[in-house]
Amino acid sequence: MPKRSDTLETVQIILALLQRIPRSSKKTAADLHAELSEAGLARDIRTIQRHLEFLTTYFDIECDARSSPYGYRWAPDAKAL
């Protein structure tokens, strides 16, 4: 199991997630986890899920929780960063 990340690594992962969340379609936590792993930012899937939960609270990111796995996307009216 990887060691707990420091603040800079956490910010890198958050920014990488924000870049990978689509505007029109939806991606699951597993999709985003795989993309981050391919980019060299490997973390536990649960860590990615916690970050996504954080992002839906503080950014205009929607979580479709009607069925599992949840899908994430930017809200249609979201402003660019």
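Side notes on the structure shown:
- Per-residue SASA entry for residue 62, accessible area with 1.4 Å probe, Å² rounded to 10: 70 Å²
- Comparing 46, 66, 20 in a Gaussian network model of the chain where C-alpha atoms under 10 Å apart are linked, the largest mean-square fluctuation is found at 66.
- Per-residue accessible area (protein heavy atoms, 1.4 Å probe) orders 59, 54 as 54, 59, starting from the largest.
- The chain - percent relative contact order, Cα under 8 Å, separation 6 or more: 32 percent
- Summing charges over neighbours of residue 60, with a neighbour being any other residue whose Cβ is under 13 Å away from its Cβ, gives +1 when K and R count +1 and D and E count -1.
- Per-residue [θ]222 nm for the chain (sum of -39500 (n - 2.57) over DSSP H runs n ≥ 4, rounded to 500): -15000 deg cm²/dmol
The values are calculated or read from the model by the stated rules, or taken from the named source; none is laboratory data. The structure presented is a predicted model; accordingly, all values stated were derived computationally and were not measured. All Cβ positions, glycine included, derive from the backbone under ideal geometry; neighbour counts span all protein chains shown. All accessible areas refer to the heavy atoms of the entire protein, side chains included, with ligands and DNA or RNA removed. Shrake-Rupley method; radii C 1.70, N 1.55, O 1.52, S 1.80 Å.
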